[in-house]
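Chemist: My questions all concern the structure below.
The values are calculated or read from the model by the stated rules, or taken from the named source; none is laboratory data. Nothing here was measured: the structure is a model prediction, and the numbers come from that model. Here the Cβ positions follow ideal geometry from the backbone for every residue, glycine too, while neighbour counts run over all protein chains shown.
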Amino acid sequence: VYPNLLSSFRNKLAKYIYYDIQLYEICKLIYKIHMCCALFVSFQTWCLVLSILPRFVALEMIADMTSMDDDLDPQQFHKIYIHQYKDVSILFADLKGFTLLSMNMSAQELVRLLNELFGRFDRLADEYDCLRIKILGDCYYCVSGVPEPQRAHARCCVEMGLAMISTIRSVRKQLNFDMDMRIGIHSHTRLTLSLSILASFSHGSYTQLPTSSVCRSTSKEINKRIEHAIDLRSSERMRQEHITSATLVFKDTHIEEKFSQVRDEMFKTNLVCSFIMLYYWTALQFCLFLLGYLLLLMMVLAEEFKHSPSVLQQFCCWIHENNSMRNLLTVTAIAINFGMALFDMVRFARFLEHLCFVIYQFKCHQFASIFFVLSGVVSMVTCAVFLRLSSLLKLAILLLVVVIYTYFIEVSFHMLYVHHPESQYLRRKGASILLMAIFVIAVFYNGRQWEATARLDFLWRLQAQQEVQEMRDLREHNECLLHNILPAHVACHFLERNRNDQELYSQSYDEVGVMFASIAGFNEYYEQKEINHEGVECLRLLNEIIADFDELLEETYFLDIEKIKTIGSCYMAASGLSPDKQVNHLVLFALAMQETLKEINKKHSSNNFQLRVGIAHSPVVAGVIGATKPQYDIWGMTVNLASRMDSTGVSGKIQVPEATRNILADWGFVLELRGEIYIKGVSERKGHVRTYFISTKRRQLSSNRIADRGKNGRSGRTTLAAVVFGLVQAIHREKQRGTNGGFTLQLLLLQ
């Protein structure tokens, strides 16, 4: 889109140099580029939202927020989206041998493999009417029958699974590595999907990779909307919608007030021009009015001289920004010029009265009529010089000048043509008055055109500033959204201007702490509540728990901890992923989560949930799958070990392997030996794993964390509701522009 717009702009600008094109044509071209940028930013926001949510959920959220008041804080939007479906099938696919594969491949190769593999799976999901729910490390999780019912939902999942097996076989031949898939399918009569918009976003949830057809249709839609918006914003439409035809005053009093406060950059030049006219016209009498005019010039030109007193400069600036004061000085300048012309007319008339009998034979009355007309024209030209003067005020001044001029014509011509036929007297007087009337009409028409152009220009600038601010807000929403679905340093990588769009982000880490924290017994609790038709309330409680866990990440003490995802009632986080960060505070975060869960149990006295936590640390591979719709995740033996520490743990305890225990002991934690246990995926190669429970924490670390609690350490975090609400407001503004002549003006102070 951009190259075509820039080429069109260059061609039109070249035509403007050689042909007389109206100013608003150039404004339309500039606005076309700006409108494209604004729509592109809105489209980016929409794509980022769709990278987190299914399309039907996003549309439902937009519909709900459209009915909200504009002044309502989106953080107060507490709705949790719960959808229940009947007759669905779920597919869960796991890569067999992926752990060994991740140990034998570089980070870049591993991320490229997963990106290609899951990209193919997404295309298969679209083909077989399946909706991907999540990617859990090396696991692919999708469902058929959501959101649209599918009678053959089980068959869709089976065909999807068979196609995935064929895909993995082709990849296995390509890489020459022993890799296979385990696929499980289950059909059920009821499925409940829930989404919280208060919690921080899980990395990699509900992500769908875009297709080229979507991009092409989006470009056409953007071009269509741009052309429609430009048609709406023609000059005639703008004048009809926002400017009174008779008076050229804005219909909106607030806009009129802002327009009157706009600085007149040409006021100094106008006043200097009127002074030059006065100087040439009154070459013999200028000394009489020089001091007064110099005082006016000093007041309006003081800010141009750096050495002038500051008080005078401030007064000068106030004059330029005060419409009433400018009008007063303008009328004064016109009055001085007209006074000088009037003075010459009176003096010349008296001179002719005494000498008329001497120069009668030279037809002095002809020169007198020309002199009188030129004298009146001088004052009118002075009035025309001030382009920003209101056309109504200009008309009033011109009419006053004509009335006074007509009076002097009547008196002077009566003396000059006393010895001439009355018909000649009437003809000369009528011609002079007619010439003045024609000049009044010309000056008034010119002034009206200039004022209309100035007001349209003001509308364009006001709207441009407003839309730039709106586009800036949308970009901030995009960055905020990106910082929520990606760690800060990864988001900065994707926000770089010189980054290759097809480049995949990957990184290897030597020491990363990984935590899995599960709410023990919650699944059984939910199944029991669902039997009693209380499953919705159970999900609301889970939403409250996860949201409170997310709030802990806002504390300064937990800045280096990144939430990776939530898997049902399991919370996954990691530390040590950002540069210059040590593997620490993850245990304190788990302890804080336990304290938070206890507080929730007190609030809901019928519950007694406990947190089961597993933590491990060692090398991992981190990366983003999908260059245009990012999804962050981590892989490696450490992730599997931490997950096993959770699944084999004990409720209310934090279990760690021996290597992690040695690190924590140096940090002052006291651990108790649990013993050697069997860990699937590890014990087959290394035997049973010795694990420990964390019993106490160092008092100093705990007190420091309590002292820092409540401090907001992440300035870029916000809820999904705030981002979607910003997108809804942008859509609402576009609809208003379409029904209001292309404008939804707000009060903005022009710089």
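Chemist: Residue by residue through the stretch 502-545, note down the ones that are without any contact (Cβ under 8 Å) to a residue 12 or more places away in the chain and surrounded by 15 or more Cβ atoms within 10 Å (Cβ to Cβ).
Modeler: Narrowing the stretch 502-545 to residues without any contact (Cβ under 8 Å) to a residue 12 or more places away in the chain: 524, 527-529, 531-534, 537.
Within the stretch 502-545, just K529 meets the criteria.
Chemist: I want to confirm something. Restricting to the stretch 408-457 and keeping residues that are modelled with pLDDT under 80 and of a type in the set (F, W, Y), which single residue is farthest from S390 (Cα to Cα)?
Modeler: The selected residue is Y417.
Chemist: Looking only at the stretch 132-141, which residues are buried (at least 22 other Cβ atoms within 10 Å of the Cβ) and more than 33 Å from the chain's Cα centre (by Cα)?
Modeler: Across the stretch 132-141, the qualifying residues are D138, Y140.
Chemist: Can you tell me which of (1) closer than 30 Å to R685 by Cβ; (2) under 41 Å from the mean Cα position of the chain (by Cα); (3) in a helix (DSSP H, G or I) is the one I663 doesn't meet?
Modeler: Failed condition: (2).
Chemist: Just the residues that are crowded, with 22+ Cβ neighbours inside 10 Å and modelled with pLDDT under 90, please, taken from the stretch 146-179.
Modeler: Within the stretch 146-179, just V146 meets the criteria.
Chemist: For the stretch 662-677, enumerate the residues that are at pLDDT below 90 and on the phi < 0 side of the Ramachandran plot.
Modeler: Correct list: N662, I663, L664, A665, D666, W667, F669, V670, L671.
Chemist: Looking at (1) more than 39 Å from the chain's Cα centre (by Cα); (2) closer than 16 Å to L504 by Cβ; (3) exposed (fewer than 15 other Cβ atoms within 10 Å of the Cβ); (4) not charged (D, E, K, R), can you tell me which one N104 breaks?
Modeler: (2)
Chemist: Same structure, new question: Output the residue which, of all residues in the stretch 556-578 that are out of contact with any helix residue (DSSP H, G or I) (no Cβ under 6 Å at 6 or more places or on another chain) and surrounded by fewer than 20 Cβ atoms within 10 Å (Cβ to Cβ), is modelled with the highest pLDDT.
Modeler: C570
Every residue, every condition in (1) assigned to a helix (DSSP H, G or I); (2) assigned by TED's automatic domain parsing to the domain that holds K251; (3) touching a Phe, Trp or Tyr at 6+ places or on another chain (Cβ under 9 Å), yes or no:
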site: W450; (1), (2), (3): yes, yes, no
site: A464; (1), (2), (3): yes, no, yes
site: D473; (1), (2), (3): yes, no, no
site: N478; (1), (2), (3): yes, no, no
site: L482; (1), (2), (3): yes, no, yes
site: H489; (1), (2), (3): yes, no, no
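Chemist: With H489, H483 as the choices, which residue is of a type outside the set (S, T, Y) and surrounded by 20 or more Cβ atoms within 10 Å (Cβ to Cβ)? Please lay out each step first, then the result.
Modeler: Working: H489 fails: surrounded by 20 or more Cβ atoms within 10 Å (Cβ to Cβ).
When all the criteria are applied, what remains is H483.
Chemist: Another one. For the stretch 618-669, enumerate the residues that are closer than 12 Å to G513 by Cβ and touching a His at 6+ places or on another chain (Cβ under 6 Å).
Modeler: T660
Chemist: Just to be sure I understand, how many residues within the stretch 520-571 are part of a helix (DSSP H, G or I) and of a type in the set (D, E, K, R)?
Modeler: To start, the set of residues in the stretch 520-571 that are part of a helix (DSSP H, G or I) comprises 522-531, 535-552, 556-558.
Cutting the leftovers down to of a type in the set (D, E, K, R) gives us 524, 527, 529-530, 537, 540, 544, 548, 550-551.
So the answer is 10.
Chemist: Same structure again: Out of V536, V512, which single residue is out of contact with any Pro (no Cβ under 6 Å at 6 or more places or on another chain), among the aliphatic types (A, V, I, L, M) and within 30 Å of R112 (Cα to Cα)?
Modeler: Values: V536 fails: within 30 Å of R112 (Cα to Cα).
Within the list V536, V512, the selection yields V512.
Chemist: A further question follows. Residues of the stretch 86-123 being modelled with pLDDT of 85 or more, within 19 Å of K173 (Cα to Cα) and β-branched (V, I, T), which ones?
Modeler: Passing the criteria: only V111.
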